[in-house]
1. Give the lysines whose C-alpha is closer than 21 Å to that of residue A:64, dropping any in the same chain fewer than 8 places away, or say none.
2. Which three extents, in whole angstrom, do the alpha-carbon atoms of segment A:91-156 cover along their principal axes, largest first?
3. Under the 0.36 nm per residue contour assumption, what length would be gained going from the current alpha-carbon distance of residue A:4 and residue A:384 to full extension?
4. Using +1 on the beta carbon of Lys and Arg, -1 on that of Asp and Glu, and nothing else charged, what's the dipole of segment A:1-90 about the Cα centre, debye to 20?
5. Above 58 angstrom, tally the Cα pairs of the protein assembly as shown and express them as a % of all pairs, no decimals.
6. Mind listing the long-range amide H neighbours of residue A:426? Cut-off is under 5 Å, sequence gap 5 or more, other chains count too, H placed in the peptide plane at 1.01 Å from N.
7. Would you give the gap between the C-alpha center of segment B:1-79 and the C-alpha center of segment A:35-53, rounded to a whole Å?
8. Ignore the peptide's own chain and count Cβ atoms of other chains within 10 Å of each Cβ in B:120-128; give me the average, rounded.
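Just so it is clear, none of the values below were taken in a lab; they were calculated from the coordinates. This structure is a prediction, so every number in the text was calculated from the model and none was measured. Glycine also receives a Cβ, built like all others from the backbone with ideal geometry; neighbour counts cover every protein chain displayed.
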Amino acid sequence: MELKSNAPLIDAQHPIATAWERHRFNMKLVNPANKRKYSVIVVGTGLAGASAAATLAELGYNIKAFCFQDSPRRAHSIAAQGGINAAKDYPGDGDSVFRLFYDTVKGGDYRSREANVYRLAQLSLNIIDQAVGQGVPLAREYGGLLSNRSFGGAQVSRTFYARGQTGQQLLLGAYQALARQIEANKVEMHVRTEMMDLIVIDGRARGIVSRNLVTGALEAHIADAVVLASGGYGNVYFLSTNAMASNGSAAWRAYRRGALFANPCYTQIHPTCIPVHGEHQSKLTLMSESLRNDGRVWVPKKAEDCGKNPNTIPEEDRDYYLERKYPSFGNLVPRDVASRNAKMVCDEGRGVGATKLGVYLDFSDAINRLGKHVVEERYGNLFEMYERITDEDPYKTPMRIFPAVHYTMGGLWVDYNLQSNIPGLFVLGEANFSDHGANRLGASALMQGLADGYFVIPYTLGHYLATATVDKALPKIAEDHEAVVATLDEVKARVDQLMSIGGSRTPDSFHKELGKIMWEHVGMGRTEAGLKTALELIPKLRAEFYKDLKVVGAAESLNITLEKAARVADFLELAELMARDALNRAESCGGHFREESQTEEGEAKRDDEQFSYVAAWAFKGADEAPELHKEALTFDHVKLTQRSYK
Amino acid sequence: MKITLHVWRQSDAKDKGHFEKYVHPNVSPDSSFLEMLDEVNEDLLSQNKEPIAFDNDCREGICGACGMVINGAPHGPQRLTTTCQLHMRKFKDGDEVWIEPWRAKAFPVIRDLIVDRGAMDRIIEAGGYISINTQNAQDANALPIPKPVADKAMDAATCIGCGACVAACPNAAAMLFTSAKVSHLGLLPQGQPERARRVGNMVAQMEAEGFGGCTNHGDCAEACPKGIGLEFIARMNRDFFGAMLKSPDHIPARWKRR
Ligand SMILES: Cc1cc2nc3c(=O)[nH]c(=O)nc-3n(C[C@H](O)[C@H](O)[C@H](O)COP(=O)(O)OP(=O)(O)OC[C@H]3O[C@@H](n4cnc5c(N)ncnc54)[C@H](O)[C@@H]3O)c2cc1C
Ligand code: FES
């Protein structure tokens with residue numbers, strides 16, 4: 001299969017800066033009076049899904065939106081803390097669309113599509129305008145203008161924020177726009193409803209099968225197009241910063257129906273999270289990256305000091321390893337570098353805390369230099385949260401932090417129109433693979449989700465519907481169409497299977513075991529041998545799952561164990577694809593570190609000759625190896641260099 | 001530590017419901033309240049019993065999904081803390097803990113500790129937004145907003161929609177929730193054109209959903225994990241009566257009929 005990005009022509013006469021505008025002009029429009037004749041399914045009400053559903057409804061399409069929470073306002077996007085990037089250059093510090101584009105391609109370690117990223121940087125401007133218009137209370141200066149900060153090591157201040165609750169406020173903006181369309185009867189909202197499968201008819205996405213999580217009822221929903229905005233799959237590791245119910249099933253089910261899964265191995269591990277405290281731990285809590293602006297990272301020089309009270313360890317016995325190894329960036333190296341180094345010192349036996357999986361983030365210098373009140377003003381709420389969880393006072397004892405899985409850059413393959421290889425299936429937000437390459441920059445996920453939902457899909461979906469109508473490719477589908485019935489039956493069979501295994505192990509116990517395999521072998525440092533081990537362990541665990549799973553209660557009622565079991569079943573397959581992709585990519589890039597591919601100084605070493613492509617995998621059957629398709633990446637505007645933070 | 005739980009179990013909306021007792025012999029003080037319940041659930045499963053159903057997702061105190069009444073207090077004993085952020089070190093070895101769902105006419109129980117909070121979404125749908133379509137916003141800095149105003153709007157916008165205010169109120173009123181959104185949007189210049197209409201419609205919806213009236217107990221603000229203050233209720237009342245006086249057209253018929 002040839003993978004066409006469908007990006008507009010870009011060359012000397014056709015600059016990248018006008019590509020989106022040209023593309024928009026060339027796309028077909030749906031006449032305003034005709035829009036109400038089309039129906040569109042939107043799965044997910046996070047930033048990407050809520051903004052898409054609201055905007056499409058405003059345009060006149062009939063929308064059915066779905067989320068598994070009890071309200072669209074509770075999607076995982078709500079938890080984003082730090083901020084959202086936009087190339088507004090309000091501070092006048094030299095930012096521009098081109099610089100944001102450049103930083104994003106470079107930050108992604110040259111594994112993303114230039115045309116997409118350029119458009120993203122352009123649309124970042126509109127997002128802030130739209131959000132402020134909706135009444136999103138972004139932070140302001142005394143002069144009444146919007147405030148910006150620098151984030152994640154960026155050299156300009158381009159991050160907009162709303163205290164430490166940026167995701168919440170942006171999501172509430174999109175949710176309110178959605179609420180307005182629900183009131184206008186343009187959106188039919190299905191809460192507590194989980195998409196279980198995609199309905200594909202004559203090669204086109206025509207609907208979904210859903211399960212009502214309260215009654216257990218399985219239902220088919222038919223539409224002219226399906227938009228997936230179902231979020232990332234970081235929870236494949238069991239422990240991550242994602243919300244408890246975040247899962248990969250919607251994307252996985254689409255994959256099994258023929259959609260390509262791109263770069264599944266690209267995972268972002270965030271360096272500053274609260275360490276694991278015990279076996280009963282259910283999730284990990286992120287501590288904002290901004291802490292590294294003033295905190296100093298260290299571990300004891302000698303392993304035997306690791307159990308001591310840190311305040312009794314003298315300066316000369318401490319190893320400020322980031323400052324030592326990266327004198328110019330110091331504690332502000334990018335996420336992947338900071339995470340990997342924390343793992344390295346812990347592997348050397350110099351980790352701290354009861355589990356020895358932790359490093360110190362120390363504010364005593366900052367407190368001495370700036371005074372406690374300044375530190376409190378900057379980070380007071382984070383310190384409080386830390387103390388609530390760990391019962392330790394970071395003003396007195398250094399914080400303990402450790403890396404945790406945070407974000408997945410991989411996802412369903414989409415073209416420039418955000419359409420998957422299945423016509424009529426569009427994928428937005430964290431669920432697609434599009435814009436972040438092998439590593440996402442801080443404050444760029446919110447930007448991408450909203451760019452996709454507010455400003456890209458309204459055009460590209462219209463073009464699809466208009467074109468498909470001309471081609472007479474969207475016939476009316478009856479509810480008893482054989483493909484609809486067959487998909488419903490398959491879902492029912494899957495649910496029945498999970499209910500009837502009658503084994504002894506809970507879904508959570510399988511999930512935890514899978515998480516350990518993934519963290520150990522498909523985590524921060526990956527080796528050929530480790531990945532091969534994972535590829536043996538995962539199918540074994542999956543086989544055991546289908547022999548020994550226990551689910552109690554009934555399928556026709558609210559059943560939290562069944563919900564969990566269905567998601568874990570899909571994680572057990574997705575995990576294998578991640579390991580396979582990681583094994584195939586024998587280079588290091590961004591968040592994907594192959595130990596075999598490093599520079600003499602131990603930094604990630606790309607192999608552009610061999611791996612400058614998107615790895616897009618096709619499902620070939622439950623027991624067959626998937627097939628790899630490659631989309632070559634070319635870079636005409638950004639110069640490929642080895643990243644260096646020395 | 002050993003903790004004895006009395007948990008409300010109710011199989012569906014029709015079931016009458018009852019308390020069941022569970023003993024967790026070995027709770028780690030470092031675990032969160034929900035992690036303790038996870039362990040109880042794993043134990044129940046191992047005995048082929050159905051686990052306790054409760055809503056939760058972010059476990060970071062921001063999504064508003066979690067919420068249960070713990071020993072009579074919505075979200076439990078720690079101030080400004082959601083259930084998911086409550087840790088077991090706030091309890092003592094040997095404690096008895098009573099866990100119930102939010103109780104309010106407008107929040108029917110779905111199962112165990114899960115209630116239907118759709119009424120809160122419908123209040124927002126009645127007017128909790130600014131009517132602006134995507135694509136036609138002016139430059140974000142074209143409209144300076146004084147920092148104190150923006151900050152106050154943010155204080156109100158911080159509401160996570162968990163429903164603890166309703167659960168705490170002897171009248172099961174949703175005044176704090178509704179007033180937080182009315183105030184967030186009503187404080188901002190962008191929210192002015194629809195200010196009167198918004199408050200009218202949202203208050204009417206609140207009544208239609210069966211939430212009670214406000215008799216100034218203040219329990220709602222006490223229980224709010226985000227510290228939303230009573231000042232917003234006062235603001236909403238002013239807005240509402242102002243709207244009625246100035247432009248009675250903005251007050252929906254269903255309110256006027258009463
Ligand atoms: C703790 C934390 C902090 C972060 N901070 C930042 C930050 O400061 N800046 C930044 O840019 N990014 C940040 N991120 C990343 C960012 O929050 C996410 O990438 C982004 O919000 C994802 O949005 P989304 O719309 O794609 O998906 P989500 O918000 O995850 O929404 C997914 C939606 O899909 C629905 N769904 C999923 N599967 C199904 C199904 N099968 N059936 C029905 N519905 C389904 C869910 O109900 C939900 O509504 C952070 C992430 C975390 C974990
Ligand atoms: S689970 Fe999200 S607020 Fe408690």
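1. Once the sequence-local lysines are set aside, what remains near residue A:64 is A:35, A:37, A:186, A:476.
2. Principal axes ranked by extent give 39, 24, 17 Å for the Cα atoms.
3. On the way: separation 380, 0.36 × 380 = 136.80 nm, distance 4.97 nm.
Full extension of this stretch gives 131.8 nm more.
4. Working: 11 positive and 6 negative charges, 83 e Å.
The calculation lands at about 400 debye.
5. Working: 15664 of 408156 pairs.
Counting pairs separated by more than 58 Å, the tail of P(r) holds 4 percent.
6. Hits under the 5 Å cutoff: A:226, A:227, A:228, A:420.
7. Between the Cα centre of segment B:1-79 and that of segment A:35-53, the gap is 35 Å.
8. Working: counts 3, 10, 3, 1, 11, 10, 2, 4, 7.
If you average over the peptide's residues, the count of other-chain Cβ atoms is 6.
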